[in-house]
Each structure stands twice: as structure tokens, then as C-alpha cells.
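What follows is one structure encoded as C-alpha cells, with my remarks underneath.
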Amino acid sequence: MATDPSDMQRRVLLQVAAGMATMGPPGLGSASATPQKPVATGKAGDFDFLSGHWHIKHRQRKDGKWDLFDGEATVFGILGGIASVEELRIPSRNFSGMGVRLLDVERKLWADYWVNRKSGVLNPPSWGSFAEGVGTWCSDEVDGAMPVIVRGVWDQITPDACRWYQATSRDNGSTWEENWIMHWQRA
């Protein structure tokens, strides 16, 4: 029996909301590194560009070398543009995950949550928004005992393509090292 996509979306959002309720009030993280404060420019529809089906070329840095692989994603914009739900699939790695982006309408900031199929655990969000066509999200994390700022950026946005990349800083934002680049092409 086929599942109605709107029923699936409702179930996903209810599960995400239940997970977020256990996280306490939104914040920028708990490590001692201080990410750049996000610009409060978020508005409904910011992620409309991402709705649809995508082919993705990944470059991920592992052990100092770049690993190249393909993936795909399906993204739904819902709730009048204040929510975006992404299912990322990387068949060659037997990997899938879900990104959920929710706009805090009052704060004008987007929360970006992530969960992968292997753990089923919803990670704390990174916070950000778009300014001049570029979206930037930051979170502070800890690698061992070392504070790390993680920054994700959406840019090069056109009707048929976009790029997302991630970089980390171990010196409170003075220098950055890219560790994942995704080139999205509309399917």
C-alpha cells in the first residue's frame, strides 16, 4: 500500500518535534568555542530553492585526502515555507540521513537538525540564515576535549544547482579547514 506523502511528512515532523522537546531551549551549543553570531534575516521560503530531487557530487576529507562519491536527495518544503525536510541517500556507502530545517519566526533564524539512519539520534541544531544569497550556519562542538566551530554554507544557488560545504575551526574562527563539499544538481 502506497503511503500518502503528506502523512509521511506529518509523521516525520511529529517525531522531530518530540526529539527537539527533549533538547531544551534553542541555543548555539555547549562547547567553549564561540561561533559567529548568525544574522537574524530568516524568512519563510528561504529553502524553497532546495525542494525537489537532486543528484549530488560529494568531496569529503578523510585522513588528509579527498574522497569522492555520489549521492542523491529528496527535499520537501512544508508549513508554508518555514520547514524543509531532506532525505539524503548515498547508496555506495549504504548511508542515509535526514536534515530538518525549521524557521524560528520570532528570532528570524533557521535551526538545522540532522539525524542519520544508523543512530536514529537527532543532533542539536546549528543556527543560521541567508544574507545576500549565501546561507551560513554555525555550531560549537567538541572533538575530544578540543572546542571546534563547525560552519555549513549554502551558496552558488541557481534554479538547477547549488553548493553546500562544511568547514571547521580549531582556533576560535581565525582559520578554517573545509572537510565536506556537496555540489547539488537538480535531477
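FYI, it's all coordinate maths here, none of it is from the lab. Nothing here was measured: the structure is a model prediction, and the numbers come from that model. Because the Cβ atoms are built from the backbone with ideal geometry, glycine has one as well, and the counts that use them run over all protein chains shown.
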Self-check item: For segment 50-187, with +1 on Lys and Arg beta carbons and -1 on Asp and Glu, the positive-most of 148, 122, 138 along the dipole
Solution: 122
Practice problem: Under 1.5 on a/c is rounded, so check that first for segment 114-187, then, if it is not, pick prolate when a/b is larger than b/c and oblate when it is not; a ≥ b ≥ c are the square roots of the alpha carbon gyration tensor eigenvalues. | Solution: oblate
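With Cβ to Cβ distances under 9 Å as the rule, what net charge do the other residues near residue 147 carry (K, R +1; D, E -1)?
Values: positive: 170; negative: 140, 141, 143.
Value of the local net charge: -2.
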Exercise. Would you order 65, 118 from fewest to most other beta-carbon atoms within 10 Å of each residue's own beta-carbon?
Key: 65, 118
Quiz item: Using θ = phi - 60° and the Karplus form 6.51 cos²θ - 1.76 cosθ + 1.60, what ³J(HN,Hα) does each residue of segment 68-77 get, whole Hz, x for Gly and Pro?
Solution: 10, 7, 9, x, 8, 8, 10, 10, 10, x
Quiz prompt | Net charge of neighbours whose Cβ lies under 9 Å from the Cβ of residue 180, counting Lys and Arg as +1 and Asp and Glu as -1 | solution = +1
Exercise. Show which lysines lie in cross-link reach of residue 37 when reach means a straight Cα distance below 27 angstrom and same-chain residues fewer than eight apart are skipped.
Key: 108
Exercise. Using θ = phi - 60° and the Karplus relation 6.51 cos²θ - 1.76 cosθ + 1.60, list the HN-Hα couplings for segment 139-155 in order, rounded to whole Hz, with x at every Gly or Pro.
Key: 8, 9, 9, 10, 10, x, 9, 8, x, 9, 9, 10, 10, x, 10, 9, 8
Quiz item: By its C-alpha gyration tensor, with a ≥ b ≥ c as the square roots of the eigenvalues, how is segment 32-103 shaped: rounded for a/c under 1.5, else prolate for a/b larger than b/c, else oblate?
Solution: oblate
Self-check item: 13 Å beta-carbon shell around residue 159, net charge (K/R +1, D/E -1)
Solution: -1
Self-check item: residue 109 long-range amide H proximity, modeled H, under 5 Å
Solution: 42, 104
Practice problem: Tabulate in residue order the Karplus-calculated ³J(HN,Hα) for segment 180-186, using 6.51 cos²θ - 1.76 cosθ + 1.60 with θ = phi - 60°, rounded to whole Hz; enter x for Gly and Pro. | Solution: 7, 10, 10, 9, 8, 10, 4
